[in-house]
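**Q** I'd like to ask you about the structure that follows.
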Amino acid sequence: MDQAQQLRNVIKQRTKVQTLSNTRVVTVTSGKGGVGKSNVAVNMAVWLRKMGKRVIIFDADLGLANVEVMLGAVPKYNLSDLIYRGKSAREIITTGPMDIGFISGGLGIAGLNNLSKDQILYLVHSMSELNELADVIIVDTGAGISDSVLEFVLASPEVMLISTPEPSSLTDSYSLLKALYRNPIFAKDKVRINVVANKVNSMEEGEAVFSKLDSVVSQFLKGSIHFLGMIPQDQQMENAVRNQKIVSYEKPNAASSKAFQVLTNNYINDEHEAISMHKGIAQMIINFLSRIGR
């Protein structure tokens, strides 16, 4: 019996994770850095809070702490403290502005493939608690197509791919999608991939970004992606990014802030059959552990 099968058996036999949850889990990713991935995640969180939704951002980017800096929330604990030091899921949540919850992955993510059975069980049980604490959990991955990024994307029921009109961004976005679709365990009929066009000059340019990606995905990968919306580049957003602030929080009437509001509304209203049966963050962690254990 291989390691992956053993892991699945352990989880199946010894965990009692709630099968269904009202919590939606979306993984925000990009084919390259510098396209505004974390900025989209944090601004969406602001508008979700304004809609009355409880939000937790899980920072799965080992290389940078963009979310942490933008929220101005220095975490006392991270995922490592939960796995190795017995902290609860509630204890590792840091509260940012507007009561946005934040969990730092820290170096805990890097060691997920080396966990003991007891650590796996404790992690899954603990993460299931988050389903009771949030309506939406946003997973902010690293950029690119590294193994750790792909594993999070593969484990997620909803993916939000951020791209800009730059040719290099479009190329890298397609490379990520190609790696995803060509992975033998990718279940394209069970994963919703939404595209967000960031740093565009108009809705037409945003739609053009999506059309270029949609065309190659349809033609060469025989798959489908969906256009969630666009975010225009404006001076107030540039200033906010430069000052490591959240434009939707600081300048809610800015053109980019209003676009984030529309984007968030589109996301909330984007309920469909493939994601209507939510399984929350615990199921995503089970999926992730099963994949890295294979």
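The values are calculated or read from the model by the stated rules, or taken from the named source; none is laboratory data. These numbers were taken from a predicted model, which means no experiment stands behind them. Glycine also receives a Cβ, built like all others from the backbone with ideal geometry; neighbour counts cover every protein chain displayed.
**Q** Collect the residues in the range 164-190 that are in contact with a strand residue (DSSP E or B) (Cβ under 6 Å, 6 or more places away or on another chain) and within 25 Å of VAL136 (Cβ to Cβ), keeping them in residue-number order.
**A** Listed by number, the residues that qualify are THR164, SER173.
**Q** Scanning the range 141-169 for residues that are modelled with pLDDT of 95 or more and closer than 26 Å to ASN269 by Cα, which turns out surrounded by the fewest Cβ atoms within 10 Å (Cβ to Cβ)?
**A** PRO165
**Q** Another question about this same structure. Could you check HIS125 against (1) surrounded by 18 or more Cβ atoms within 10 Å (Cβ to Cβ); (2) over 20 Å from the mean Cα position of the chain (by Cα) and say which number it fails?
**A** Condition (1) is where HIS125 drops out.
**Q** What pairs come out if I take residues in the range 80-101 that are more than 21 Å from ASN114 (Cα to Cα) and in contact (Cβ under 8 Å) with a residue 40 or more places away in the chain and pair them with residues that are outside any helix (DSSP H, G or I) and not hydrophobic (A, V, I, L, M, F, W, C) whose C-beta lies under 6 Å away, six or more apart or interchain?
**A** Cβ pairs passing all conditions: ILE93/GLY101.
**Q** Going through VAL67, VAL74, VAL136 one at a time, which residue ends up being closer than 30 Å to ASP189 by Cβ and of a type in the set (Val, Ile, Thr)? Reasoning before the result, please.
**A** Values: VAL67 fails: closer than 30 Å to ASP189 by Cβ; VAL74 fails: closer than 30 Å to ASP189 by Cβ.
Testing whether each residue is closer than 30 Å to ASP189 by Cβ and of a type in the set (Val, Ile, Thr) leaves just VAL136.
**Q** Now for a different question. Among the helices (runs of 4 or more DSSP H) lying completely within the range 21-120, list those that include at least 2 residues that are within 22 Å of LYS258 (Cα to Cα).
**A** 37-50, 66-71
**Q** Looking at VAL196 and the list (1) part of a helix (DSSP H, G or I); (2) touching a residue at least 12 places away in the same chain (Cβ under 8 Å), which single condition is not satisfied?
**A** (1)
**Q** So, of the residues in the range 90-140 that are closer than 17 Å to SER80 by Cα and of a type in the set (Val, Ile, Thr), which turns out to be modelled with the lowest pLDDT?
**A** Within the range 90-140, the match that is modelled with the lowest pLDDT is ILE109.
**Q** Here is a check on your reading of the model: is LYS50 out of contact with any strand residue (DSSP E or B) (no Cβ under 7 Å at 6 or more places or on another chain), surrounded by fewer than 22 Cβ atoms within 10 Å (Cβ to Cβ) and either within 30 Å of LYS117 (Cβ to Cβ) or of a type in the set (Ser, Thr, Tyr) (or both)?
**A** no
**Q** Name the residues in the range 186-205 that are of a type in the set (A, V, I, L, M, F, W, C) and over 19 Å from the mean Cα position of the chain (by Cα), would you? Break it down stepwise before answering.
**A** First pass over the range 186-205, keeping only residues of a type in the set (A, V, I, L, M, F, W, C): 186-187, 191, 193, 195-197, 200, 203.
Those that are of a type in the set (A, V, I, L, M, F, W, C) and over 19 Å from the mean Cα position of the chain (by Cα): VAL200, MET203.
**Q** Mind listing whichever residues of the range 66-104 are closer than 21 Å to ALA240 by Cα and surrounded by fewer than 18 Cβ atoms within 10 Å (Cβ to Cβ)?
**A** The answer is VAL69, GLY72, VAL74, THR95, PRO97, MET98, ASP99.
**Q** Follow-up question, since we're still on this one. Output yes when any residue across the range 203-226 is at pLDDT 95 or above, touching an Asp or Glu at 6+ places or on another chain (Cβ under 7 Å) and closer than 19 Å to THR27 by Cα, and no when none is.
**A** Yes, that holds for at least one residue.
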